[in-house]
Amino acid sequence: MGKRYSKILLLLLIGLWTLLAITRSLLNISKLYTEERHWISLNDEQMREKQFGEKYNFLTFVKSVIPPHSNILLFTTDGMTYYLARYFLYPTTVIWGERQYTEWGNDIVRNYSYAIFYPLTSQNISNVKTINNTNFHNIKEFRTNGELKGLIYKK
Amino acid sequence: MNILTILYVIIFIILAGYTTGEYFLYAKSYSIIKKIALSYALGFGFIGIQMFILSILGIKWNYGIILTPWLIFICYFFLRNHKYSYHNLNILNKIKLFSRIEKLLLILLVSLLIFVGIESVLRPVQAWDGWDNWVFRANVFYLNKGIDNYYFSYTTDSYPLIIPLTTSLGYMSLGSIDDRSILLFYYFFYFALGLLFYSSIRNFADRKTALLFSVLLLSCQNLIRHGGRFEAGQADLAVGFYIFACVIVLLDYLKIKSTRLLLLLTVLLSIATQIKNDAIPFVLLSTCFVVYKILKEKKYKKLFYLIPLPLVILGWELFKKFNNLHPNFLFRNGIEFHIERFPIVVFNFFKEFGNIQNWNIIWIVFLFCIVIYRKHLGTYILVPIFLFFQLLFYVLIFLLLPQDPVTQINAISNKLLLHVVPLAAFTITIVAVKVFKK
């Protein structure tokens, strides 16, 4: 490629980049009005609910039932629910039920005081559950629009 | 109110970095803009390391224990140096001398900085890695008033600690957890990157060019996202900022050969190792390069200035060893070498290069510059070399993973490129300045 053509091409590329950058910057800034006004009026709880949906409502429900600093097992098929639970419920420690031996081995304390199930699969539903040779009794149900979505069991 | 409190903490961090930098590390030729940017990098790292040491010594954190030594040093510095005001900071008079285009670019740049700043504190943390890792750890350390060793068994992670440690200082100043205003710490990496990028270009280009390319870099959507819009709360922008800062200081050191700059480089590299493991290949290469230069000059005494780096790395490795921290989650299932993946991995990186949504056309322009104009770079050729080495390392990691890499690459390639995008933009700027100067 000739030097002159390379120079012209570089100039065109930087020109195009500048055009894109300016357009997108203006578009971004305009989002403060077009998109963000839907967020600004919300408080933090409403924002979290808007972002994480029912999962957040369930965890808020769990927080209202279980005392802080508890040690609980969460049985879930959804990784996001587990990590959100770990975040929102701390200082309660949450261990992922299905992975408690593969992921943690013997590194953790296993005196769980609660076991929670979310989202529910049909076989989850019973009044008493035996987990790690310990019986846990159903104490609370989480429902959305009347539909059973999650369960909390206590040792 | 919480946002203001966090802003005070950030100003304090910058002051801590600034006074230490002015006293021991900065070159006299450094502009105030460059010093402010580097001061954030230094202060953030120093306070994180201080909190780490206090925790190891079993001292429960409180505001007084952490900040009093800094406060004394800051007062001592300003009283001793009689630096009560900066007369040359009359910004408004300087702006009056700007051309119309420069004023427009400045307005755009400032608008971007304000926009991303507002975005960062508009919502509580939203990014997965934020609530899963970086912000979560700040919460844990704040509630425990120190590093809680059970935390490592509980989360099975072994990430470096500076980001969660320093950001937990924000919670300490608030007296509670607020995962919205704490994101300002992450935004300030975006802000400091902008300052550092602009001031570094000003070393060899006019104001208009520096403003233009700063706007071009800071308007990358991925930078905007990690700086504040939805993705703030992750460490990748910080890694990009530290890598860029190290490269700039390294280039300055090669020019000036000052031992102060060598020490500054060592300190920044040491902090970078404790931001995220991803910075380590860059740290290794740049350290090898510096050692080679020192040996070539036969100024062996300069090697002593590198001592903080192995000390920091060794300290962290010993901590991991004594506390039985888990190995990196990527390699818990062992290592397998899959050379056959090479084309797939490289293809996926190129796919991300072409992702205009994330990067505008920065990678296309960068590759064009490297292919056509690499000879124009002169000593600056180091910049793309560091970039390609870092990317090569990531490619190698994907070849070694036991699990299929494609899903991983798609999920994280935009974050990996964030580590080196300032280097790409800097390379383009150097080429553009040299080509259009002639």
Across chain A, qualifying lysine pairs (alpha carbons under 19 Å, at least 8 places apart or different chains) come out at 17
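Just to confirm the filter: which GluC sites (Glu not before Pro) across segment B:295-344 are DSSP coil and have at most 16 other Cβ within 10 angstrom of their Cβ? Mind showing how you got there, number by number?
Values: sites: B:GLU297, B:GLU317, B:GLU336, B:GLU340; in loops: B:GLU336.
Passing sites in segment B:295-344 are B:GLU336.
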Straight-line reach check, B:LYS255, cutoff 21 Å on alpha carbons, 8 or more apart in-chain or any other chain, hits among lysines -> B:LYS28, B:LYS34, B:LYS35, B:LYS293, B:LYS296, B:LYS298, B:LYS299, B:LYS301, B:LYS302, B:LYS375, B:LYS434
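By the scheme Lys and Arg +1, Asp and Glu -1, what is the net charge of all other residues having a beta-carbon under 12 Å from that of B:ILE248? Provide the component values of the computation, followed by the final result.
Details: positive: B:LYS34, B:ARG202, B:LYS255; negative: B:ASP252.
Counting the neighbours of B:ILE248, the net charge comes to +2.
Would you please put B:371-377, B:159-165, B:46-52 in order of how densely packed they are, using the mean number of other Cβ atoms within 10 angstrom per residue and starting with the highest?
On the way: B:371-377: 14.7, B:159-165: 24.1, B:46-52: 22.4.
Ranking, from highest mean packing down: B:159-165, B:46-52, B:371-377.
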Per-residue average of other protein chain Cβ atoms inside 10 Å, peptide B:105-117 -> 2
Which of B:PHE197, B:PHE282, B:PHE350 fluctuates most in a GNM of chain B (C-alpha springs under 10 Å)? That residue is B:PHE350
From the Cα centre of segment A:36-103 to that of segment B:361-438, the distance in Å is 38 Å
Once Lys and Arg are counted +1 and Asp and Glu -1 for all other residues with Cβ under 12 Å from that of A:ASN135, the total becomes +3
Given B:22-35, B:207-220, the highest-first ranking by average Cβ count within 10 Å works out to B:207-220, B:22-35
Per the helix-only model, chain A has a calculated mean residue ellipticity at 222 nm (DSSP H runs of ≥4, -39500 (n - 2.57) each, divided over all residues, rounded to the nearest 500) of -14500 deg cm²/dmol
For chain B, the dipole about the Cα centre with charges only on Cβ (Lys and Arg +1, Asp and Glu -1), to the nearest 20 debye, works out at 1980 debye
Restricting to Cα pairs under 8 Å and 6 or more apart, the percent relative contact order of segment A:37-143 works out to 25 percent
For segment B:334-438 the mean separation of alpha carbon contacts under 8 Å (6+ apart) over residue count, i.e. relative contact order in percent, is 46 percent
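Shielding of B:131-139 by partners, i.e. mean partner chain Cβ atoms within 10 Å per residue?
Details: counts 8, 7, 2, 0, 1, 5, 0, 0, 4.
Shielding by partners across B:131-139 averages 3.
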Protection proxy (average C-beta count within 10 Å per residue), highest first, orders B:226-236, A:35-45, B:353-363 as B:226-236, B:353-363, A:35-45
Restricting to Cα pairs under 8 Å and 6 or more apart, the percent relative contact order of chain B works out to 19 percent
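Grab the other residues whose beta carbon is less than 14 angstrom from that of B:THR209, score K and R as +1, D and E as -1, and report the net. Please report the intermediate quantities before stating the final value.
Values: positive: B:ARG202, B:ARG207, B:LYS208, B:LYS434, B:LYS437; negative: B:GLU102, B:ASP206.
Once all neighbours under 14 Å are counted, the net charge is +3.
Mind checking the mean number of beta-carbon atoms from other chains within 10 Å of the Cβ atoms in A:8-17?
Taking all residues of A:8-17 together, the mean is 5.
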The ³J(HN,Hα) series, computed from each phi in segment B:44-54 with the Karplus coefficients 6.51, -1.76 and 1.60 at θ = phi - 60°, rounded to the nearest Hz and given as x for glycine or proline, is 4, x, 4, 5, x, 5, 4, 5, 5, 5, 4
Toy charge model, Lys and Arg Cβ at +1, Asp and Glu Cβ at -1: segment B:198-267 dipole around Cα centroid in debye, rounded to 20, equals 260 debye
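For n ≥ 4 DSSP H runs only, could you compute -39500 (n - 2.57) per run for chain B, divide by its residues and tell me the 222 nm figure to the nearest 500? Please list the in-between numbers first.
Values: 21 runs with 305 residues, N = 438.
For chain B, the value works out to -22500 deg cm²/dmol.
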Residue-ordered couplings for segment B:112-125, obtained by feeding phi - 60° into the Karplus form 6.51 cos²θ - 1.76 cosθ + 1.60 and rounding to whole Hz (Gly and Pro as x), are 4, 4, 5, 4, 5, x, 4, 4, 5, 10, 6, 9, x, 3
The distance between the Cα centres of segment A:115-155 and segment B:209-254, in whole Å, is 47 Å
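Here, each number is a calculation from the coordinates, and none is a lab measurement. Everything numeric in this text was worked out from a predicted model, so none of it was measured. FYI the Cβ positions are ideal-geometry reconstructions off the backbone, even for glycines, and counts take in every protein chain you see.
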